[in-house]
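Comments concern the structure below.
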Amino acid sequence: MSIVIEPPRSSKPKRTNWEKYGWMYMRASGVLLVILIFGHLFTNLWLGEGIKAIDFAFVGGKWSDPFWQVWDLLMLWLALIHGTNGMRTIVNDYAERVAVRKTLTYVLWATCAALIVLGTLVIFTFDPCPANGTIENLPSFCPAK
Amino acid sequence: MATEFEEMGAVPSFTVTLFVRRYNQEDGLEARWQDFDVQVHGTDRVLDALHKIKWEIDGSLTFRRSCAHGVCGSDAMRINGRNRLACKTLIKDLDITQPIYVEPIKGLEVEKDLVVNMEPFYKAYRDVQPFLIASDKPAKERLQSPEDRERFDDTTKCILCAACTSSCPVFWTDGQYFGPAAIVNAHRFIFDSRDEAAEVRLDILNDKEGVWRCRTTFNCTEACPRGIQVTKAIAEVKQAILRGRA
Ligand code: HEM
Ligand code: SF4
Ligand code: FES
């Protein structure tokens, strides 16, 4: 005869375990962020004239290129979700009262969502050739130039 | 040399100052440091100094110890800010030009002086089902290859002293985390080829308060008096959960 020992927690309804996916996300996004962030710093601060090259035209030029749009979009989403999830971890550590924890976590994700929406809008709706722009500040491809 | 010591072969002795964290729930006072000057031998351990205090200076000093030889796991305490067994810490190995600070382990409720309430620690231990679960009823012992045994050899050494769990900053925060010791003892069975409930234990540790709260601080590995690679064991359990099997 076999002995059956009921696992004490088996009665608990099984929910999706977000902690596991959170843990995996922190590592996967971390690896990608190393490439994205250092690639970003390298092109902006080192290549060509280095930091002196950064002006309106430089940014406008980058955001007219689908390659950099995708690059910055990935950086924005990955870093914001990564940072917010990291802050959630710290909130879980320090907030002892449930109401405080839930409030802070809600504020974190709401802020994250707002920043992601705003950032995404900026990346895709950015006008590199504004009609009221000073000519010498515009990127070279603008018709006004 | 003979003039230095009373007799040939005598063990040198010296005076050390111990600051011991005192607390008594009944007197209503805050926990406080009390210092004792103790004459000790070069071969003495912190536990011997505590005995000297208790037996010769202040009989009210309260601490746990049983085997006095690093086997039972009852005298884990914070010695100079590090979790150690008092019975395995030689005084001469500490910086004796400075006072030695002895406190209860952190993260568990202090009952008196160096004695803490271990129940939350044992609860987490019980929750991982730290016993062999096998459906067969063998007529002889269950055999295992040396390779299969090697997988969990390290985690069989645990003496449940709580030095690891009470050194973990995640455990300090709210005491809800299972803690390294429970994970070590789950590891002991998860990777045992004779056991059949690895999935159950992996499922238990794949919890909000389970292995994912570990932040790889390595405090547990540093604290373990048995030299168990605690952080490595936790990482192996994480990997097993990701794989879905032991
Ligand atoms: C440069 C590439 C990055 C890598 C490789 C990386 C990697 C990681 C990893 C692996 C963790 C989990 C640590 C653990 O669970 O023990 C983590 C946590 C965290 N990360 Fe990042 N990260 C990067 C960039 C960032 C950025 C840009 C932010 C901010 C937006 C950020 C904010 C955080 C926070 C707040 C935590 C939580 C810290 C904690 O658990 O105590 N990280 N990071
Ligand atoms: S793993 Fe080491 S430190 Fe932790 S309870 Fe076991 S013997 Fe003590
Ligand atoms: S008294 Fe038993 S381990 Fe120290």
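Counting every pair of alpha carbons in chain B, the share spaced more than 35 Å apart comes to 26 percent.
A Förster distance of 56 Å, applied to the separation of the beta-carbon atoms of B:Glu56 and A:Val98, puts the FRET efficiency at 0.65.
Distance between the modelled labels on A:Tyr106 and A:Trp46, one decimal in nanometres: 4.5 nm (7 Å Cα→Cβ projection). Between the listed residues A:Val91, A:Val31, A:Trp46, the Cα displaced farthest toward the positive end of the dipole of chain A, a dipole computed from Cβ unit charges relative to the Cα centre, is found at A:Val91. Please return the longest range in chain A lying between exposed loop sites, taking chymotrypsin sites (Phe, Trp or Tyr not before Pro), DSSP loop only, at most 14 other beta-carbon atoms within 10 Å, and leaving the sites out. Segment A:1-125 is the longest.
In nm, what is the difference between 0.36 nm times the number of residues separating A:Ala53 and A:Ile116 and their Cα-Cα distance? Each step should come with its number before you reach the end.
Numbers: separation 63, 0.36 × 63 = 22.68 nm, distance 2.68 nm.
So the extension gain works out to 20.0 nm.
The base-10 log of I(q)/I(0) for the protein assembly as shown, evaluated at q = 0.09, 0.10, 0.12, 0.13 Å⁻¹, reads -0.76, -0.85, -1.03, -1.11 [Debye formula, identical scatterers on Cα atoms, solvent excluded]. Cα centroid distance between the stretch B:74-128 and the stretch A:45-67, in Å? Cα centroid to Cα centroid, the span is 57 Å.
The charge dipole of chain B, taken about the Cα centre with unit charges on the Cβ atoms of Lys, Arg (+1) and Asp, Glu (-1), comes to about 800 debye, rounded to the nearest 20. The simple Förster model, with R0 at 45 Å and r as the Cβ-Cβ distance, assigns B:Phe14 and B:Lys123 a FRET efficiency of 0.60.
Hand me the trypsin sites (Lys or Arg not before Pro) from the stretch A:37-126 located in a DSSP loop with no more than 16 other Cβ atoms within 10 Å, in residue order please. Hits after loop and neighbour filter: A:Arg97. Simple rule: put +1 on each Lys or Arg Cβ and -1 on each Asp or Glu Cβ in the stretch B:92-246, find the dipole, and look at B:Pro225, B:Gly179, B:Gly210; the Cα lying farthest toward the positive end is B:Gly210.
The alpha-carbon of B:Lys52 sits under 26 angstrom from the alpha-carbons of these lysines, leaving out residues fewer than 8 places away in its chain: B:Lys88, B:Lys92, B:Lys106, B:Lys112. Taking all Cα pairs closer than 8 Å and separated by 6 or more residues, the relative contact order of chain B comes to 17 percent.
Hand me the trypsin sites (Lys or Arg not before Pro) from the stretch B:113-190 located in a DSSP loop with no more than 12 other Cβ atoms within 10 Å, in residue order please. Working shown, then result.
Working: sites: B:Lys123, B:Arg126, B:Lys140, B:Arg142, B:Arg149, B:Arg151, B:Lys157, B:Arg188; in loops: B:Lys140, B:Arg142, B:Arg151.
Here the trypsin sites (Lys or Arg not before Pro) that fit, given the DSSP loop and packing criteria, are B:Lys140, B:Arg142.
Taken over chain A, the alpha-carbon convex hull comes to 187 cubic angstrom per residue. Each Lys and Arg Cβ is given +1 and each Asp and Glu Cβ -1; about its Cα centre, the stretch B:1-89 then shows a dipole of about 600 debye. Under the combined filter of DSSP loop state and at most 16 neighbouring Cβ atoms within 10 Å, the stretch B:151-246 retains these chymotrypsin sites (Phe, Trp or Tyr not before Pro): B:Phe218. Using +1 at the Cβ of each Lys and Arg and -1 at the Cβ of each Asp and Glu in chain B, identify which of B:Ser167, B:Thr62, B:Val11 lies farthest towards the dipole's positive end. Of the listed residues, the answer is B:Ser167.
Using R₀ = 22 Å, calculate the FRET efficiency as 1/(1 + (r/R₀)^6) where r is the Cβ-Cβ separation of B:Leu143 and B:Arg245; round to 0.05. List each step's numbers first, then the result.
Working: r = 22 Å, r/R0 = 0.99.
For R0 = 22 Å, the calculated efficiency reads 0.50.
Take the Cα of B:Asp174, step 7 Å toward its Cβ, do the same at B:Val71, and the gap between the two points is 4.1 nm.
Every read-out reported here was derived from the displayed coordinates using simple, explicitly stated rules and does not represent laboratory data. Owing to the predicted nature of the structure, the values given are computational and were not obtained by experimental measurement. Using ideal geometry, Cβ is built from the backbone for each residue, glycine included, and neighbour counts are taken over all protein chains shown.
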